[in-house]
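> Sharing a structure here in structure tokens format.
The values are calculated or read from the model by the stated rules, or taken from the named source; none is laboratory data. No experiment lies behind these values; they were computed from the predicted model shown. Glycine also receives a Cβ, built like all others from the backbone with ideal geometry; neighbour counts cover every protein chain displayed. Surface accessibility is based on the protein's heavy atoms, side chains included, excluding ligands, DNA and RNA. Shrake-Rupley method; radii C 1.70, N 1.55, O 1.52, S 1.80 Å.
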Amino acid sequence: MTRLSKRNFEQYGLEPVPSSLKMSTWKEYAIIAFAFSVNAGNFLVPALAVTQGNLPWLAAFSAVWIGAILAFLCVSALSIPGALYGLPGQYILRAFVGSWLATKVASPIRVLTSLYWFSVQTIGGTYILQSVISNYFNIRVPFALLAILTASLMAYLALVGYDAVKKVTRVFLPILIIGQGLMLFIIVSELKVTTSSSSETSIHWGIFFFYMSLAFVQFISGVSASSDMTRYAKSARQGFAGMFLGNSAGYFMTALIGTLVAAYYQSTNPFVVLSEQAMSPFVGLFITLSGLLAMISINIGNAYTGSFSLLNTWPTLGRIKSALLFGLVGVVLSCFPSLAKEAASIISFLGAGIIPLSAIIVVDYLWVKKGLISDEQLVKVVSGSYKLNIPAVLTFTIMSISYLLIPKEFSPGMLIFISSSITYLLLKKMIVTN
């Protein structure tokens, strides 16, 4: 029996997955990525492009779609090392930014980010679940109890590992697709003859690029974790194709539904609005169910990749203990609804570290290393001899401070990403590192 199925828990942590277990196809990765995409959190930026940016729905859709596609290209490209070497993303980061920056900065930031999104998604899903139970069954369940049960289920599935992620998303996929189909049907039915309202609004190109960059920044952080999934891929091509197609198709539906609902219902939560507009209570319940399953899907991913980040920081824990510890902290944080109210400030603060690191990772792998990690570089990573990437440390420090100094209304994400990329390349030419 393979280590993957032993005791029903994934055993491989920072060590490479053997070739005998690398059997996943592009279809399986497309399913996983698609299931991760359509959730309440991802509806926010497309909806805000309409409600706050005042863009016509088609312009809003195009802006966030283009931004997301650019990010997905980078995320998919950074999934290639996982498929080639069977190593998780956070461990591979040592080859790009050095082991010190990877273990002391990048992985802790990823842990905090994953924990935060895990708890916020759980909190939002718990409120929906609590409302459904109350409305349909007339039973009042305490929020904390529901949050603990929901978070524990998702943490357990992440503990089981990649096999659980693959099987759960495959089971959820038909329900997610039907739910999205029902949502689009309700929108189209409601539109009827209201065809001219959105086309009369002119496009403000500055706002267009603002929301394009916002969508890019939202997803570019995935470059540090995409290899966590593709380490089980049959080939680099299979992993890349599945991740890119799944993410692109999933966000196409997300952006389409999000912008249409914002344009015609002035809401940022399609699951809530469209379940209320449904032609029958059963259709509304089904849409709500699809929203809950989408939340579970993305949160399994948050817990799964977050536990690998914790493992990269604290290797002596091992895969199982790191997943258990991450899950325990995630369950506890999910019991504090006030966390969701601090989303803007927390996301902004975490972005100060995430954006420069993402830029450094993308530039180092695609530009400096030309998409290849040599055997010599891998030996240095495994032996721990490549500790400091001075240009990466300097770029991260300078750009993180710059990010915090730029006013939030100027959307520093894309600006810092570009500036970090240029700064890193210049410093890389000036400073010789091992």
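> Principal axes first, then extents: for the Cα atoms of region 2-111, list largest minus smallest coordinate on each axis, whole Å, largest first.
Between the extreme Cα coordinates on each principal axis of region 2-111 lie 53, 34, 24 Å.
> Over region 1-120, with every protein chain in place, what whole percent of the accessible area is carbon and sulfur at 1.4 Å, could you tell me?
Reported share for carbon and sulfur atoms: 66 percent.
> For a quick protection proxy, order the peptides 43-52, 103-112 by their average other-Cβ count within 10 Å, most packed first.
Output ranking for 43-52, 103-112: 43-52, 103-112.
> Further question: Per the Debye formula with a single identical scatterer at each Cα and no solvent contribution, what log10 I(q)/I(0) holds for region 242-328 at q = 0.11, 0.21, 0.24 Å⁻¹?
Summing over Cα pairs of region 242-328 leads to -0.49, -0.98, -1.11.
> For region 377-407 and region 88-151, what is the separation of their Cα centres, given in Å?
Using only Cα atoms, the two centres lie 26 Å from each other.
> Taking only C-alpha pairs under 8 Å that are 6+ residues apart, what is the relative contact order of region 315-434 in percent?
Reported relative contact order: 35 percent.
> Along region 206-219, what does the Karplus equation 6.51 cos²θ - 1.76 cosθ + 1.60 (θ = phi - 60°) give for ³J(HN,Hα), rounded to whole Hz, x for Gly and Pro?
x, 5, 4, 6, 4, 6, 5, 5, 5, 5, 4, 5, 4, 9
> May I pose another question? Which ³J(HN,Hα) values, rounded to whole Hz and listed in residue order, are derived for region 280-296 from phi using the Karplus coefficients 6.51, -1.76 and 1.60 in 6.51 cos²θ - 1.76 cosθ + 1.60 with θ = phi - 60°, glycine and proline given as x?
Ordered by residue, 3J(HN,Hα) equals 8, x, 5, 5, x, 5, 5, 5, 4, 4, 5, x, 5, 5, 5, 5, 4 Hz.
> A further question follows. ³J(HN,Hα) across region 413-419 via Karplus (A = 6.51, B = -1.76, C = 1.60, θ = phi - 60°), whole Hz, x for Gly/Pro?
Each residue of region 413-419 in turn: x, 5, 4, 5, 4, 5, 5 Hz.
> In whole percent, how big is the carbon plus sulfur part of the accessible area of region 164-283, probe 1.4 Å, protein atoms only?
Exposed carbon and sulfur together represent 67 percent of the surface.
> Taking the inverse of the average 1/r across all pairs of different Cα atoms in the chain, what Kirkwood radius in Å do you get?
Working: mean 1/r = 0.0453 Å⁻¹.
One over the average 1/r among Cα pairs gives 22.1 Å for the chain.
> What percent do you get for the relative contact order of region 248-322 when only Cα pairs under 8 Å and 6+ apart count?
Here the relative contact order equals 14 percent.
> On to the next question. Once every DSSP H run of n ≥ 4 in the chain is given -39500 (n - 2.57) and the sum is divided by its residues, what mean residue ellipticity at 222 nm do you get, rounded to the nearest 500 deg cm²/dmol? Don't jump to the answer; show the numbers that get you there.
On the way: 19 runs with 312 residues, N = 434.
About -24000 deg cm²/dmol.
> Have a look at Leu325, Ala95, Thr259 and report the one farthest towards the positive end of the charge dipole of the chain, computed about the Cα centre with Cβ charges (Lys/Arg +1, Asp/Glu -1).
Ala95
> Something else about it: Tell me, what is the percent relative contact order of the chain, built from C-alpha pairs under 8 Å that lie six or more residues apart?
Over the chain, the number comes to 34 percent.
> Calculate, for the chain, the solvent-accessible area per residue in square angstrom, rolling a 1.4 angstrom probe over the heavy atoms of the protein chains.
43
> A further question follows. Residue farthest toward the positive end of the dipole of the chain, with Cβ of Lys/Arg at +1 and Asp/Glu at -1: which of Phe172, Ile300, Ser235?
The listed residue farthest towards the positive side: Ser235.
> Further, regarding this structure: Have a look at Leu115, Ile287, Ala392 and report the one farthest towards the positive end of the charge dipole of the chain, computed about the Cα centre with Cβ charges (Lys/Arg +1, Asp/Glu -1).
Highest projection toward the positive end goes to Ala392.
> Would you mind working out the magnitude of the charge dipole of region 259-415 relative to its Cα centre, with +1 at each Lys and Arg C-beta and -1 at each Asp and Glu C-beta, to the nearest 20 Debye?
Roughly 340 debye, rounded to the nearest 20.
> Let me ask another. Would you mind putting 246-256, 351-361, 164-174, 366-376 in packing order, based on average other-beta-carbon counts within 10 Å, highest first?
Values: 246-256: 22.5, 351-361: 25.6, 164-174: 17.4, 366-376: 11.9.
Result, highest mean Cβ count within 10 Å first: 351-361, 246-256, 164-174, 366-376.
> If you take the Cα Rg of region 49-94 and divide it by 2.2 N^0.38 Å, with N the number of residues, what do you get?
1.73
> Another one. Quick one: putting +1 on the C-beta of Lys and Arg, -1 on the C-beta of Asp and Glu, what dipole do you get for the chain around its Cα centre, in Debye to the nearest 20?
1140
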